Amino acid sequence: MADTNRRWLLATRPHGVIKDSDFTLAESAVPEPGPGEFLVRVTHLSFDPTQRGWLAADSYLPAVKIGEPVRAGAVGQVVKSNHPGFKPGQMVQGGFGWQEYVVSSGMTEIGPITPLFPGVTPEQALGVFGITGLTAYFGLTDLGRPEPGDTVLVSGAAGATGSVVVQVAKALGCKVIGIAGGPDKCAWVTTVAGADACIDYRTGDVAGQIKALAPKGVNVVFENVGGEILEAALMNIALKARVILCGGISSYNEEDPNAGPGIRPYMQLTLQRARMEGFIILDYMHRFAEGVQALAGLMAQGKLTTAEDIQVGFENCPATLRRLFEGKNLGKQLLKLTDPPLPVV
Ligand SMILES: NC(=O)c1ccc[n+]([C@@H]2O[C@H](COP(=O)([O-])OP(=O)(O)OC[C@H]3O[C@@H](n4cnc5c(N)ncnc54)[C@H](OP(=O)(O)O)[C@@H]3O)[C@@H](O)[C@H]2O)c1
């Protein structure tokens, strides 16, 4: 086992796109677990757009403190344990953050540390069966409530969350229109994820392109991007549409994400007697097992495929987070630190 623990600590609150200099790469001794504690070596880190918000200000979770490791979902292996519930060698997941080793008694800022389900890989635990897959599943089924034959519009359709939404909506018998950046991502959204069509928003006139593909309007909007993409969607909602506000990544690098131009065509919600609703996946924690079971069922039926973008090397944490905002990832953005299984003490 290495005797040095590396940690990326928040050095300053970022302005705009994050820079490496917003963080400090610190080295310290690997911590020793005390009574009732265990030591985890992190093997895989999850990268999520919401981390940009956690670095900036208090929101649904408190902001990461200056000098603290960057908060992140992760998978790791228990390498030493004085805790009866955690055995050396066991693979676990939790909010371990940007650090190679973590001592814990079982709880992290974003929930309890839990063993990986049998047969589930670290990539699946953080992706399709993790926060993004579950966000897709519960946001679409619980709030969007699509009926067979409905038209579902999904922005960020080649991303971790959007790509699962596309496939769950197809499995529920919907017509699915994706929106993504660039021809390669759009080709993947239609040929691999199985959407009926995909709009490359970089080619412009997104509202006109939606109208051409869904002249009777869209019944469910699963919104990951916000801003002008959301406005284009609202211009095309059908009667009684459900607009699910999952995220708005287009504003996350703004100095004040709440000071944008606003949603101009909001009156469409009135005219179409539609509903627009946001959610935070942590509210569904008590139903995660149900979501995992449903997604695993779709995978077993060949109706759900996953894509992962796996970067390598702990030193690349800031660069890997930037990839989400540069649109470089296809599917779930991960960073592998080391391959399990690891030696245990
Ligand atoms: N409500 C919740 O509880 C919850 C939980 C998880 C995720 N989310 C939200 O879901 C959304 C997707 O998250 P994810 O983890 O699945 O990430 P992701 O979609 O895998 O990655 C982010 C993607 O966003 C697109 N993007 C980045 N900057 C953009 C911009 N300025 N305009 C338009 N598109 C941009 C890029 O795709 P293109 O190349 O296609 O532009 C990029 O690949 C985010 O808004 C996130 O905050 C919400």
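The values are calculated or read from the model by the stated rules, or taken from the named source; none is laboratory data. Treat the numbers as computed from the prediction; the structure is a model and nothing was measured. Cβ coordinates were reconstructed from backbone atoms using ideal geometry, including for glycine residues, and neighbour counts include every protein chain displayed. All accessible areas refer to the heavy atoms of the entire protein, side chains included, with ligands and DNA or RNA removed. Shrake-Rupley method; radii C 1.70, N 1.55, O 1.52, S 1.80 Å.
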Antiparallel content of DSSP bridges confined to the stretch 131-300, in %, to 5: 0
Probe 1.4 Å, accessible area per residue of the stretch 131-300, Å²: 44
Whole-Hz ³J(HN,Hα) for each residue in the stretch 30-38, computed from phi via Karplus 6.51 cos²θ - 1.76 cosθ + 1.60 with θ = phi - 60°, x for glycine and proline: what do you get? 5, x, 9, x, x, x, x, 10, 9
Non-local residues with an amide H under 5 Å from the amide H of PHE23, with H modelled 1.01 Å from N and Pro and chain starts lacking one, are ALA11
Go through the stretch 65-172 and name the GluC sites (Glu not before Pro) that are in a DSSP coil and have 15 or fewer other Cβ atoms within 10 Å of their Cβ. GLU109
Based on the Kirkwood radius over alpha-carbon pairs, what is the Stokes-Einstein translational diffusion coefficient of the stretch 21-162 at 25 °C with 0.890 mPa s viscosity, in µm²/s? 146
When all protein chains stay in place, what accessible area (Å², nearest 10, 1.4 Å probe) is found for GLU254? 100
Using alpha carbons only, how many degrees (0 to 90, rounded to 10) separate the axis of helix 288-300 from the longest principal axis of the chain? 70
Using just the helices of the chain, give the 222 nm mean residue ellipticity in deg cm²/dmol: DSSP H runs with n ≥ 4 each add -39,500 (n - 2.57), and the total is spread over all residues, rounded to 500. -7000 deg cm²/dmol
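Taking the Cα centre as origin and putting +1 on Lys and Arg beta-carbons and -1 on Asp and Glu beta-carbons, what dipole magnitude results for the chain, to the nearest 20 debye?
Computed about the Cα centre, the dipole is about 720 debye.
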Measure out, as a whole number of angstrom, how far apart the alpha-carbon centroids of the stretch 1-68 and the stretch 201-258 sit. 33
Find which of ALA180, ALA259, PRO49 sits farthest along the positive direction of the dipole of the chain, computed with +1 on the beta-carbon of Lys and Arg, -1 on that of Asp and Glu, about the Cα centre. ALA180
To the nearest 10 degrees, the tilt of helix 317-326 (Cα long axis) against the first principal axis of the alpha carbons of the chain is 0
What is the count of Lys pairs in the chain whose alpha carbons sit under 13 Å apart, if the two are 8 or more places apart or on different chains? 4
What residues have an amide H closer than 5 Å to that of ILE199, excluding those fewer than 5 places away on the same chain, when H is modeled at 1.01 Å from N in the peptide plane? GLY178, ILE179, ALA180
Between ALA259, ALA307, ALA63, where does the largest GNM mean-square fluctuation fall for the chain, given springs only between Cα atoms within less than 10 Å? ALA259
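So which chymotrypsin sites (Phe, Trp or Tyr not before Pro) in the stretch 265-345 end up in coil per DSSP with only 15 or fewer other C-beta atoms within 10 Å?
Numbers: sites: TYR266, PHE279, TYR284, PHE288, PHE314, PHE325; in loops: PHE279.
Answer in residue order: PHE279.
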Everything considered on the Cα gyration tensor (a ≥ b ≥ c; rounded for a/c under 1.5, else prolate if a/b is larger than b/c, else oblate), the stretch 131-300 must be described as rounded
Counting all C-alpha pairs of the stretch 205-345, share separated by more than 20 Å (%): 65
In the stretch 131-300, carbon and sulfur make up what percent of the accessible area (probe 1.4 Å)? 55
What list of ³J(HN,Hα) values in whole Hz, one per residue of the stretch 335-345 in order, does the Karplus curve 6.51 cos²θ - 1.76 cosθ + 1.60 (θ = phi - 60°) give from phi, with Gly and Pro shown as x? 10, 8, 8, 6, 8, x, x, 10, x, 10, 9
Quick check on the chain: of the DSSP beta bridges with both residues there, what percent are antiparallel, nearest 5%? 55
Projected convex hull area of the chain, Cα atoms, direction-averaged, in nm², equals 16.7
Pairing the Cα long axis of helix 160-171 with the longest principal axis of the chain, what angle in degrees results, from 0 to 90 and rounded to the nearest 10? 50
Read phi for every residue in the stretch 221-232 and hand back ³J(HN,Hα) as whole Hz from Karplus 6.51 cos²θ - 1.76 cosθ + 1.60, θ = phi - 60°, with x for Gly and Pro. 10, 9, 9, 10, 10, x, x, 5, 5, 5, 4, 5
